[in-house]
Amino acid sequence: MVAAADSLVWELVKNNNSFMRKKSGKTSRSGSVRFSVERGNLASLSTYKYSGIANSKTIDISSTDDNRAALTLKTKKAGTSGKSGKATIALNKSFRRTAKTITGQATDNYYRSDLKSAALAKYSAVYR
């Protein structure tokens, strides 16, 4: 894959991509709501901030087969290689220690501090 700026990739995929789900329902600002089901999108919203396609640094929390959670981060290799461009961290400790791990990976490493609250919210939903 050719390296491109994150904002350019977002401009190309923001209106149409295979992960977008449009729901027609009345909201206060527009007539429809757009959701996204791609990996790396914590809030499942089709916005630049949460996009797993357009951003070079993404955080994803998902459940595993054995009813546990996993934290997945994009690495620097993600632009050129598919599967090996991800680092996965198992989240199998207590809730308090796992929340500290998520906070540490998101903010303390200067990775994506703006996604800290969304990552904790998604982990609390997966943890139930």
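The values are calculated or read from the model by the stated rules, or taken from the named source; none is laboratory data. As the structure is a prediction and not an experimental result, all values here were calculated from the model. Counting neighbours? That spans all protein chains shown, and the Cβs are built from the backbone with ideal geometry, glycine included. Heavy atoms of the whole protein, side chains included, go into the accessibility calculation; ligands, DNA and RNA do not. Shrake-Rupley method; radii C 1.70, N 1.55, O 1.52, S 1.80 Å.
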Every residue from segment 18-35 that is modelled with pLDDT under 85 and either open to solvent by 60 Å² or more (accessible area, probe 1.4 Å) or under 10 Å from I53 (Cβ atoms) (or both): K22, K23, S24, K26, T27, S28, R29, R34
Considering residues of segment 83-106 that are β-branched (V, I, T) and touching a residue at least 24 places away in the same chain (Cβ under 8 Å) only, the residue nearest to R39 (Cα to Cα): I102
Test: residue in segment 53-67 that is at pLDDT below 85, under 29 Å from V9 (Cβ atoms), touching a Ser or Thr at 6+ places or on another chain (Cβ under 9 Å) and not hydrophobic (A, V, I, L, M, F, W, C): no
Number of the exception - E38 against (1) in contact with a Ser or Thr (Cβ under 8 Å, 6 or more places away or on another chain); (2) modelled with pLDDT of 85 or more; (3) part of a helix (DSSP H, G or I): (3)
All positions within segment 68-90 that are modelled with pLDDT under 80 and not in a helix (DSSP H, G or I): T75, T80, S81, G82
Pair list, Cβ under 6 Å, 6 or more apart: segment 107-126 residue within 17 Å of I89 (Cβ to Cβ) and open to solvent by less than 50 Å² (accessible area, probe 1.4 Å), other residue in a helix (DSSP H, G or I) and of a type in the set (K, R): T107/K116
Some residue of segment 41-55 being hydroxyl-bearing (S, T, Y), under 23 Å from S7 (Cβ atoms) and not in a loop (DSSP other than H, G, I, E, B): no
Within segment 91-106, tally of residues that are in a helix (DSSP H, G or I) and either open to solvent by less than 70 Å² (accessible area, probe 1.4 Å) or among the basic types (K, R) (or both): 11
